[in-house]
Amino acid sequence: MNSDHPVLDLISEVTSALSVRQGPLIVEQTLSCLAEMNLTAESMLQPDPSMPGVFANDLDVAIKHMPPQLSALASAIDASKHIIQWNRDLGQFYEKDADVGGSYRNGNMNCILIGSQNGFFHSDKLIMGLFFLQPYTFYRDHNHESSEMYFNLTGPHGFRFDVNGWSDYPADSIIWNTPWLPHATRVYDLPFLCLFVWAGNLEGLCRVVGADDWTQLEQELVRTSVS
């Protein structure tokens, strides 16, 4: 690991983890973009650190439940969690007044490591960061122009694509959301933590894709959380 800065260590561990995993094209695209960048302490920006207190314990639970083969990455996230800027503002990614629902609005946060704004390193080709959802959160169906990767660090969690049936994906799985493919996530008792990447078309915003079962799905998660 690089000892210059915990965020450099984190990006190094992300690169190492992705480089030894078979995955879709977006994995190769991500590694190619990272290889082109000047990822040094001298070129690093310094966003103000922030950690919403309500999420701190659940984030620790997520890190502790990352699988053994991702232990180095888990340690790097743990070492950097208090010096990165965790965001809850949907404005960077969503159209104004998007109907994301209370479950997602109250249960999400993300941090940007590399991106066009708010990150430690600037890139016009790639947004890369960590994405977190609290237990029993429903992330409604949505799509976007950018190609997206979820490198799931905890699991299992439920996913559906094109508003079809649900499938559970374990920790250490990679999901590729191709441009404009509707996708949704539901989180069970374990917090959701993933590395996310947007590749290309970074200025396009997420659009909610309506489905008639949202209220039912949100209510089911609430009932499960209190049972």
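Using DSSP to call loops (not H, G, I, E or B), can you name the trypsin sites (Lys or Arg not before Pro) in the range 52-90 whose Cβ has at most 15 other Cβ atoms within 10 angstrom?
When the trypsin sites (Lys or Arg not before Pro) of the range 52-90 are filtered for loop state and at most 15 Cβ neighbours within 10 Å, R88 remain.
On average over all directions, what projected area in square nanometres does the chain have, based on the convex hull of its Cα atoms?
11.6 nm²
On a straight-distance basis, which lysines could pair with K81 in a cross-link, Cα separation under 22 angstrom, same-chain partners fewer than 8 positions away excluded?
Cα-Cα hits under 22 Å: K64.
So how do S123, S16 rank on accessible area, 1.4 Å probe, biggest first, that is with the largest at the start?
Sorted by accessible area, descending: S16, S123.
Please give the net charge around P135, taking every other residue with its beta carbon less than 9 angstrom from that of P135, where Lys and Arg add +1 and Asp and Glu add -1.
-2
What is the range 153-210 by shape, rounded, prolate or oblate, if you read a ≥ b ≥ c off the alpha carbon gyration tensor as root eigenvalues and call it rounded for a/c under 1.5, prolate for a/b larger than b/c, and oblate otherwise?
In terms of gyration-tensor shape, oblate.
Where Rh denotes the Kirkwood radius from the mean inverse Cα pair distance, what is Rg over Rh for the range 19-153?
0.94
Would you work out what percent of the accessible area of the range 1-115, with all protein chains in place, is carbon or sulfur (probe 1.4 Å)?
48 percent
Compute the signed sum of charges (Lys and Arg +1, Asp and Glu -1) over the other residues within less than 12 Å, Cβ to Cβ, of L205.
Charge balance near L205 sits at -2.
What whole-number distance in Å separates the alpha-carbon centres of the range 108-139 and the range 1-55?
11 Å
How much area per residue is accessible in the range 1-86 when the probe is 1.4 Å and only protein heavy atoms are counted (Å²)?
Accessible surface, normalised per residue, equals 52 Å².
Suppose only helical runs count, i.e. DSSP H with n ≥ 4. What mean residue ellipticity at 222 nm does that imply for the chain under -39500 (n - 2.57) per run, divided by all residues and rounded to the nearest 500 deg cm²/dmol?
Dividing the helical sum by the residues of the chain leaves -9000 deg cm²/dmol.
Order these peptides, 68-80, 102-114, 199-211, by their mean beta-carbon neighbour count within 10 angstrom, highest first.
102-114, 68-80, 199-211
The values are calculated or read from the model by the stated rules, or taken from the named source; none is laboratory data. Bear in mind the structure is a predicted one, so any value in this text is a computation, not a measurement. Cβ: placed from backbone, ideal geometry, glycine included. Neighbour counts: every protein chain shown. Each accessible area value is taken on the protein alone, full model and side chains, heavy atoms only, with ligands, DNA and RNA left out. Shrake-Rupley method; radii C 1.70, N 1.55, O 1.52, S 1.80 Å.
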